[in-house]
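First the structure, in the form of structure tokens, and then the observations on it.
The values are calculated or read from the model by the stated rules, or taken from the named source; none is laboratory data. All of these numbers come straight from a predicted model, not from anything done at the bench. For neighbour counting, all protein chains shown are included, and Cβ atoms are generated from backbone atoms with ideal geometry for every residue, glycine included. Note: areas computed on protein heavy atoms with side chains; ligands, DNA, RNA excluded. Shrake-Rupley method; radii C 1.70, N 1.55, O 1.52, S 1.80 Å.
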Amino acid sequence: MKKIVYIWLLIFGALAGPARAQSRAVAFTGVNVIPMDKERVLRDQTVLIKNGLIAEIGPKVRIPKDALRIDGRGKYLIPGLMDMHVHMLSDDADYPKSIAADELRVMVANGVTSVRFMIGTPEQLVLREKSARQEIVAPTIYAASPHLTGREQGNDFVVNTPDEAREAVRKSKAAGYDFIKITTFIKAEVYEAAVDEAAKIGIRVVGHADSRFVGLERALKARQQIEHLDGYLEAILADDAPMKGSVSDLYIYNPKNWESIDYVDERKIAKIARATVEANPFVDPTQHFMKYTFGLPRSEESIRAQPDFKFYPKKNQDFYIDYLKKTPLNKVPLEKRARWVEIKNKLIKAIYDAGGKIMTGSDTPEFLWLYGFTEHREMKALAEAGLSNYAVLEAATRNPSLYLGTLDKVGTIEKGRRADLVLLDANPLDDITNTQKRAGVMLKGIYYPQAELDRWLDEIAPRLHNALGETE
Ligand SMILES: [Zn+2]
């Protein structure tokens, strides 16, 4: 009996979910394809999509009579974008969980077709399943565990002994999370236990590398996938620097720590880049977030002019605008902050040059940077760090797929791959910001013209803005 109910729910889900039947073939005609298998453009192609997969690509492909034809002349087709560091407003207890479906649509409307949530919640696991079954219009979801931390911070496992760490790792794996997320204040022996347990039961460790407790050397030894370039500033301080600490992670907020910027020894960058690639070549610097939240200051005017500003509840808008006026970072000389950005850029470029696989991560939606929109800002920030436009596209498509172990399914445009695609009006290899000139997004074979996606955004903005039920 139970089984029958389940099947009916599935059928209902299929009807109530994505607006269009999937059985109809779709053909992009006359389109320039950037397949991302290597740096090249295939001109004037037909790309035929059937049952959510890329069925054929070529200059001459027979198109079924009833197929939906999309005129791709003068346009560019790239794989769907993958954001490897995302959170949601609805992760926060203040927000209703019901806004999650809108949040996920904002990502899709910006061409993001896969995401990795970096602080897990049980709700994300439910959304992951709903997305996989196409009951909701959402990117393919990966979810790291609630974060392992030494101090209570919410959505966490507070771990202060090796046993607590091992238990948190086992519980996370049993609950179905895809990764173990580590953040801050974890003692070295507790970290070692978490990493050891994770290796034993077969789940990867991702996240911060707290420079005061864990340190980059230990995190690299553990082959952890490191976010935000945590611990790198400390690792490249001159041997005779009068301090050991620098401005990774939460230590960024103490203006005193910024004195260390003057003691960076740039000659150490190449060596640490090589060590990174040997340990774990996958690096997600979340560079836009770091650069424009802590590095270069933002004016209130520029914040209010952001297209994603209106999606935030007023309380949230006011909080961050006020915070950015009062942040202790304002006591840090602007030259030091700019120098920090420059050093981070050099680290990214050096890791890339050493063979590293850079991945895009927006680290949204804190500080009024919204997911979806900020994926494109991250791509621009990586280009500004010195990566070629092709390397940036790799960071947003094939590198995350390679990391997730799904490159045979998605992340390139090849026959048999999942049809997660973005159609652009201009060539992103000429200018990476052309990823923002979208004609449409295809999610698992279903095509949404950008005009429709823009309508979603127009409808969703006031809903998210009012999500806290404030009266203005
Ligand atoms: Zn984060």
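Values computed for the structure shown
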read-out: Residue list for segment 214-259, restricted to those being surrounded by fewer than 17 Cβ atoms within 10 Å (Cβ to Cβ) and under 21 Å from residue 196 (Cα atoms); value: 217, 221, 223
read-out: Residue 330, sole failed condition from (1) assigned to a helix (DSSP H, G or I); (2) under 22 Å from residue 373 (Cα atoms); value: (2)
read-out: Matching option when the condition is acidic (Asp, Glu), in the same structural domain as residue 118 (by TED's automatic domain parsing) and under 17 Å from residue 145 (Cα atoms), among 178, 210, 249, 265; value: 178
read-out: Scan of segment 64-97 for residues that are within 16 Å of the ligand (Cβ to nearest atom) and assigned to a strand (DSSP E or B), ordered by number; value: 82, 83, 84, 85, 86
read-out: Index of the failed condition, residue 125 passing every other in (1) within 30 Å of residue 437 (Cβ to Cβ); (2) away from the ligand (no atom under 16 Å from the Cβ); value: (1)
read-out: Total residues in segment 352-387, condition in a helix (DSSP H, G or I), charged (D, E, K, R) and surrounded by fewer than 24 Cβ atoms within 10 Å (Cβ to Cβ); value: 5
read-out: Hits in segment 131-159 - residues which are assigned to a loop (DSSP other than H, G, I, E, B) and open to solvent by 60 Å² or more (accessible area, probe 1.4 Å); value: 133, 151, 152, 153, 155
read-out: Of all residues making up segment 284-315, the number that are open to solvent by 70 Å² or more (accessible area, probe 1.4 Å), under 22 Å from residue 90 (Cα atoms) and either of a type in the set (Asp, Glu) or not in a helix (DSSP H, G or I) (or both); value: 1
read-out: Selection within segment 77-104 - within 16 Å of residue 376 (Cα to Cα) and either acidic (Asp, Glu) or open to solvent by 10 Å² or more (accessible area, probe 1.4 Å) (or both); value: 83
read-out: Inter-residue pairs, beta-carbon under 8 Å, first at pLDDT below 95 and in segment 314-327, second open to solvent by 30 Å² or more (accessible area, probe 1.4 Å), 6+ apart; value: 324/297; 324/298; 324/300; 325/300; 327/253
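Residue-by-condition table, conditions (1) within 16 Å of the ligand (Cβ to nearest atom); (2) touching a residue at least 60 places away in the same chain (Cβ under 8 Å); (3) within 28 Å of residue 400 (Cα to Cα); (4) part of a helix (DSSP H, G or I):
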| position | (1), (2), (3), (4) |
| --- | --- |
| 200 | no, no, yes, yes |
| 211 | no, no, yes, no |
| 262 | no, yes, no, yes |
| 270 | no, yes, yes, yes |
